[in-house]
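Participant: One structure follows; several queries about it will come next.
The values are calculated or read from the model by the stated rules, or taken from the named source; none is laboratory data. In this text, all values refer to a predicted model and were calculated from it rather than measured experimentally. Cβ: placed from backbone, ideal geometry, glycine included. Neighbour counts: every protein chain shown. With ligands, DNA and RNA removed, areas are computed over all heavy atoms of the protein, side chains included. Shrake-Rupley method; radii C 1.70, N 1.55, O 1.52, S 1.80 Å.
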Amino acid sequence: MRAVQYDAYGQLPRLVDVPEPVCPPAGVVVAVGATGVCRSDWHAWQGHDPVTLPHVPGHELAGTVVEVGPEVRGWAVGARVTTPFVGGCGECETCREGDQQVCPQQTQPGFTYAGSFAERVVVHAADVNLVALPDEVGFVAAASLGCRFATAYRAVTGHGRLAAGQWLAVHGCGGVGLSAVMVGVALGARVVALDPSPASRRLAAELGAEVVLDTDGDVAGAVREVTGGGAHVSLDAVGSASTAVASVAGLRRRGRHVQVGLLFGADTMPPLPMDRVVAYELEIYGSHGMAAHDYPALLDLVRSGRVDPQRLVGRVVGLDQAGDALAGLGQPGAPPGLTVVDVAG
């Protein structure tokens, strides 16, 4: 089958022929309809999140089941599916408690094994990790749900407990940040979106952000001013020491910070203002995706039209362009919105 692969970190990924994947006893093989191009894949390609080389990236996928392992009970060939970017083993205590997104034996397409920049990809432990796609949701739209939208949705609802009328501050208007803006607006919240890029700020405003702010100067002070004392919920959707600190410092009393952006290198230990955390009784959470069983509520928002992931798709490319699209994520001035690979097209 055709797949996009790189042999060394930083080497331009190229389209090659690789062997078809072997279906695991408890898993399935999915014919990939579409897959997202995500900054997490870029981090792995750069060596920030090491993978086994040579490597096929891709973890935001949607497609059709074409092979089913003998131990699978709930799925059949022909099912239209997507899957979280984190797959639980389905057997450990963590999975039994419903927290597959932090399973100690988790599998991740595009990280722990070959991913979805390919015509076929494996999904392990299919009975706990597959999500049925409604007919109304196409593969291109669904490909944006598995990482960015799902992560944003659980961060805002599960950890942030955002309610209508509350203020949500979103630091960083990339894919996950813009997804959070859309989710917040759909829930009736008031959203302030922050990004250094004018194009990203414009898109956030088009998606319903009530206030958009540049990131020059006193970012936390600006958030506190426009929200009348601070956000109820704040997300760092960038993953840097400065945005994490600004997110916490921009909260009102009893506010909730959710760390969504990945922190690497010198940024892994940000100097959070713990004196403020104690005095204001703030809550700090990490968010690592969403388990498959939590998808129905998000899919209901999509089916209702209150959330339209297609609005975030900036461009659709073919599999032969996926390597260039991945490399382009690290270039200054990259266009806002998501890039999706139409594998089946």
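Participant: Just checking: which of the strands (runs of 3 or more DSSP E) contained wholly in segment 189-262 hold 1 or more residues that are closer than 14 Å to Ala155 by Cβ, touching a helix residue (DSSP H, G or I) at 6+ places or on another chain (Cβ under 7 Å) and among the acidic types (Asp, Glu)?
Facilitator: Strands (runs of 3 or more DSSP E) meeting the threshold: 231-236.
Participant: Right, next: Checking Gly158 against (1) open to solvent by 40 Å² or more (accessible area, probe 1.4 Å); (2) over 15 Å from His288 (Cα atoms), only one condition comes out false. Which one?
Facilitator: Checking Gly158 against (1) open to solvent by 40 Å² or more (accessible area, probe 1.4 Å); (2) over 15 Å from His288 (Cα atoms), the one that fails is (2).
Participant: Here is a follow-up. Name the pairs whose Cβ atoms lie under 7 Å apart, with the first residue in segment 161-173 and more than 11 Å from Leu235 (Cα to Cα) and among the polar types (S, T, N, Q), the second open to solvent by 10 Å² or more (accessible area, probe 1.4 Å) and assigned to a loop (DSSP other than H, G, I, E, B), and 6 or more positions between them or separate chains?
Facilitator: Gln166/Ala189
Participant: Is segment 195-213 home to any residue that is under 24 Å from Val313 (Cβ atoms) and in contact with a His (Cβ under 9 Å, 6 or more places away or on another chain)?
Facilitator: Yes - at least one qualifying residue is present in segment 195-213.
Participant: Are there strands (runs of 3 or more DSSP E) fully within segment 1-68 with at least 2 residues that are open to solvent by less than 10 Å² (accessible area, probe 1.4 Å), in contact (Cβ under 8 Å) with a residue 60 or more places away in the chain and closer than 19 Å to Gly175 by Cβ? List them.
Facilitator: 28-37, 61-68
Participant: Quick one: what pairs do we get from segment 244-257, first residue farther than 16 Å from Ala222 by Cβ, second of a type in the set (Ser, Thr, Tyr) and open to solvent by less than 10 Å² (accessible area, probe 1.4 Å), C-beta under 7 Å, 6+ apart or different chains?
Facilitator: As it stands, the answer is His257/Ser234; His257/Ser247, since those pairs meet every condition given.
Participant: Working only within segment 74-97, note down all residues that are without any contact (Cβ under 8 Å) to a residue 24 or more places away in the chain and outside any loop (DSSP other than H, G, I, E, B).
Facilitator: If the condition is that a residue be without any contact (Cβ under 8 Å) to a residue 24 or more places away in the chain and outside any loop (DSSP other than H, G, I, E, B), then Glu93, Thr94, Arg96 are the ones that fit.
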